[in-house]
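Here's the structure, in structure tokens; my notes come after.
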Amino acid sequence: MNDVTIDPGEPLGGADPVGTATKDNDSAGVTRRTVLRLGAAGSLGLAVAAAQGPGSLFLSQRGLLSPSGAFAATSTALADLVYIEAFPTSPLILSPFTDVLPVPKALAPVPVSEFSSWSKPPGPGSGQQNSMQNERHQIWSSDIGCPDPLVYKIDLLVRQHAFTTSMVLPIDKNGRPTLSFDQQGHPVAAGTKRFLPLSTIYGFNGAFPGPMINAEYGRPVLVRFENHLDENPLGLDRQDFGAPDWSFLTHLHNGHTAPESDGNPHYSMTAGPKYHGYLPQTFCDNLYLNWPAGNDDREKQSFFWFHDHRMDHTGANVYKGMVGLYPIYDPKNGMDMGDERQGLRLPGVRTDHPDGSFDVDYDIPLAFYDCRLDDGVTMHKDMHDTLGEFPAAKNPSVHPEWWGKTFFKHFPSHGFVGDIFTVNGTAYPVLEVKRRKYRFRFLDCSVARIYEFKLMASTQGPRTAASLGYTDDELEGQYRIPDGQQCMQFTQIASDGGLLPFPVKRDSFELWPAKRREVIIDFTRYQDGTPTTKGDVIYLTDVMKMPNGRMWSNSSRFSPDPNYKVPVLKFVIGDSAPDDSQVPTAMRPLPPLPSNWKTMLDNRLIFEVQRGSAGGEIEWLINGSPFTPDVVATSLKNNAGKTPLAQQRKNSFNLWEIRNGGGGWVHPFHLHMEEHRTVMRGGKDVTAGGDKGHPDDVSREDLAALDPGESVIVYRGFRDFVGPYVAHCHNLAHEDHAMMFGWEITS
């Protein structure tokens, strides 16, 4: 498949502050966002675009175009027309839990002598925030009494990735052996065991997950993200997902950063690149001050991640590999600096390196991601194909030449979930652990899947779901442990917003898209007090059945399925090791809520997330409108009879309500820039706890987990910066199809 020719815009080192890219059209075709603006319903606009694009013959042959080029079909038929709700069954991984879990090492910063000689070095001056030279950093590190930032360089690269080294067996939706295809598209007989081809990724430094930056409060970090996605030195097939113009936009989720470093389209479309993202051969310098909101120690966090946020293609770019890790430590008084001999004494043995980076043993991030692999016979057809964004793919079509490579649907009606579960980019890995305590930092970087994790022992070990008689959606996860029994507990120490006030014992916990949870696992003994022995095996097990992106069908708190026990990560107990760590009795206090917060209820801002009705699944809406990047959203009418704009004064605080408009969907709703405290859920005060389904409501979070028909009211601040930000659903299929709104902080 040939690369698509694009206008790369302003090159590295160039002087044109805007570049030459067309701002309302991707070169590969009319953008979906443009189409949806053509009419109130969007359907007519889509029809016109489709009629003018490569899909017109396909549509007219089926009698679905009127002479004017509009669809002669109902909205339901329109949904069927623009995509096919069909997914492949991935090949069965035959030797799970043999690949070792990749444990990332910290990225080294760039030496001062090197970056100071760059043609456009980073700095606080005018024009020093990006390659267009049209922005500056709102606050520099010296403005807050910190040293100059450590500088890191991360390139966006087209590379390859292997999810497993195991042989695989191609199977159909009934779990039976089926034919496969070689990379020329020629059939291979059913029952043939094979190795997977490598999948094409767009990766930070060409890896998935990308680099890990170990950060510290009080030590600012500047990351130069440089776009080389137009370069394809390995001649790789790019397939039919990922931003078609190869642009990117990096968001540090949920860093307390100024808009120009936040990586959000409300900023990027109106300032800086003035485009959906940064085009090939451009760069941006994102400055992460590692400075808590309001300079309040109680606002410090402990685990960020960075990911792509390019408008309309966030899900595709994240799924294609744009994921990086950013643990952040607190060296103040040695509280949480990765050294278990001081401060809170959380698990971790720190090693400092001469280059300024450091690594921490026994402190391991775990990034969870589900994927599907192409079976060569499933039709590729969605709205992006109808609009001609990937002309080289010649969709709608099947792609036998892509057998075994990642498969993605941009906008299926139920959301995208995979049937292979990976940890740190590896399917069903194994980790040998010492007999001691570990700190694990959990991240859900999946497009839509929610997990619920338990620690289980199994005498018989994993069995394939197919061998147990399961078919179709029940094959998701590929393996089960039918005799699995909980054997250990988690001690949760942190949520999205950092360390909890005190540790909490958990039999299980849910992990929603973009959420983080940090736990301590003591591998010296089981929950009944029995000591572990060398060679014992414990499985980190998913017990939440989620056959599609709508919501789970079964979980511990919703019609549990005792047969759904999918092992995701295998722990093998090794030798004993020194352990100076402790489980503290108290950690970080919460910032106080104002005693009169209930008096603010009448004037709260209200935002309702809902499914759009035009054309079946054409778009998702907030307060009845799709995201418009240059518009500040308007609240629904509150109890005071007002509909205020989503504008907040700098250093102010307010209540916001997020409502789930229903329809049987769950929405992980993310608010950029500062964390919030949930004060009410479903109309009930939860400031003292009380909601068993959402126990983390009592902590600080950056993402509100909304069950079907549910609403939450959150208390949040708007400190230190001014400018445009966004809030959106982190089911990335929803975000990419307009479930986002712009808001601003004003001076």
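Condition check: within 28 Å of the chain's Cα centre (by Cα), surrounded by fewer than 23 Cβ atoms within 10 Å (Cβ to Cβ) and among the hydroxyl-bearing types (Ser, Thr, Tyr). Does residue 413 satisfy that? The answer is yes for residue 413. Just the residues that are surrounded by fewer than 22 Cβ atoms within 10 Å (Cβ to Cβ) and among the hydroxyl-bearing types (Ser, Thr, Tyr), please, taken from the stretch 556-571. Correct list: 556, 559. Checking the stated criteria, residue 411 turns out to be aromatic (Phe, Trp, Tyr) and touching a helix residue (DSSP H, G or I) at 6+ places or on another chain (Cβ under 9 Å).
Among the residues making up the stretch 485-511, those that are buried (at least 24 other Cβ atoms within 10 Å of the Cβ) and either outside any strand (DSSP E or B) or outside the structural domain of residue 423 (by TED's automatic domain parsing) (or both) are 496, 497.
For residue 448, are the conditions met, namely being part of a strand (DSSP E or B) and buried (at least 24 other Cβ atoms within 10 Å of the Cβ)? Considered against the rule, which asks whether it is part of a strand (DSSP E or B) and buried (at least 24 other Cβ atoms within 10 Å of the Cβ), residue 448 comes out as no.
Restricting the first member to the stretch 291-305 and to residues that are under 12 Å from residue 701 (Cα atoms), and the second to residues that are modelled with pLDDT of 95 or more and loosely packed, with under 15 Cβ neighbours inside 10 Å, the beta-carbon pairs closer than 9 Å and six or more apart or on different chains are 300/332.
Scanning the stretch 699-734 for residues that are over 18 Å from the mean Cα position of the chain (by Cα) and of a type in the set (Ser, Thr, Tyr) returns 699, 711, 715. Of all residues in the stretch 388-408, those being within 20 Å of residue 171 (Cβ to Cβ) and basic (Lys, Arg) number 1.
Report, by residue number, each residue of the stretch 546-567 that is in contact (Cβ under 8 Å) with a residue 40 or more places away in the chain and either aromatic (Phe, Trp, Tyr) or out of contact with any Gly (no Cβ under 8 Å at 6 or more places or on another chain) (or both).
So the first thing to find is which residues in the stretch 546-567 are in contact (Cβ under 8 Å) with a residue 40 or more places away in the chain, and the list is 546-552, 555-557, 563-567.
Correct list: 546, 547, 552, 555, 556, 563, 564.
Taking the criterion of being over 26 Å from the mean Cα position of the chain (by Cα), over 30 Å from residue 343 (Cβ atoms) and among the acidic types (Asp, Glu), would at least one residue in the stretch 605-626 satisfy it? No - not one qualifying residue is present in the stretch 605-626. Whether a residue is closer than 22 Å to residue 305 by Cα, at pLDDT 95 or above, not in a strand (DSSP E or B) and not assigned by TED's automatic domain parsing to the domain that holds residue 168 was assessed, and residue 514 passes this test.
Looking at residue 375, is it closer than 17 Å to residue 183 by Cα and surrounded by 20 or more Cβ atoms within 10 Å (Cβ to Cβ)?
Values: closer than 17 Å to residue 183 by Cα: yes; surrounded by 20 or more Cβ atoms within 10 Å (Cβ to Cβ): yes.
So residue 375 fits the description; yes.
Restricting 233, 259, 273 to those that are crowded, with 21+ Cβ neighbours inside 10 Å and either modelled with pLDDT under 95 or over 26 Å from residue 446 (Cα atoms) (or both) reduces the list to 273.
Only residues that are in a strand (DSSP E or B), among the hydrophobic types (A, V, I, L, M, F, W, C) and more than 22 Å from residue 448 (Cα to Cα): list them for the stretch 669-699, please. Outline the logic, then answer.
Our first condition is that a residue be in a strand (DSSP E or B); within the stretch 669-699, this holds for 669-671, 676-681, 684-685.
Checking the rest, the ones that are also among the hydrophobic types (A, V, I, L, M, F, W, C) come to 669, 671, 679-680.
Once the filter is applied, which keeps residues that are in a strand (DSSP E or B), among the hydrophobic types (A, V, I, L, M, F, W, C) and more than 22 Å from residue 448 (Cα to Cα), the stretch 669-699 yields 679, 680.
Looking at the stretch 466-477, can you tell me whether even one residue there is of a type in the set (Asp, Glu), closer than 26 Å to residue 532 by Cβ, modelled with pLDDT of 95 or more and surrounded by 22 or more Cβ atoms within 10 Å (Cβ to Cβ)?
Applying the first criterion (of a type in the set (Asp, Glu)) to the stretch 466-477 yields 472-474, 476.
Now restrict to residues that are closer than 26 Å to residue 532 by Cβ: none.
No, because not a single residue in the stretch 466-477 is of a type in the set (Asp, Glu), closer than 26 Å to residue 532 by Cβ, modelled with pLDDT of 95 or more and surrounded by 22 or more Cβ atoms within 10 Å (Cβ to Cβ).
Residue 281: surrounded by fewer than 24 Cβ atoms within 10 Å (Cβ to Cβ), over 25 Å from residue 217 (Cα atoms) and over 23 Å from the mean Cα position of the chain (by Cα), yes or no? Here the answer is yes, as residue 281 does meet what is asked.
Considering only the stretch 161-171, I want to know if a residue exists there that is of a type in the set (S, T, N, Q), in contact (Cβ under 8 Å) with a residue 24 or more places away in the chain, outside any loop (DSSP other than H, G, I, E, B) and surrounded by fewer than 17 Cβ atoms within 10 Å (Cβ to Cβ). No: zero hits.
Run down 187, 211, 124, 111 and say which single residue is modelled with pLDDT of 95 or more, closer than 30 Å to residue 293 by Cα, touching a helix residue (DSSP H, G or I) at 6+ places or on another chain (Cβ under 8 Å) and in the same structural domain as residue 355 (by TED's automatic domain parsing).
124
The values are calculated or read from the model by the stated rules, or taken from the named source; none is laboratory data. Given the structure is predicted, the values throughout are model-derived calculations rather than measurements. Heads up, the Cβs are rebuilt from the backbone with ideal geometry, glycines too, and the neighbour counts pull from every protein chain shown.
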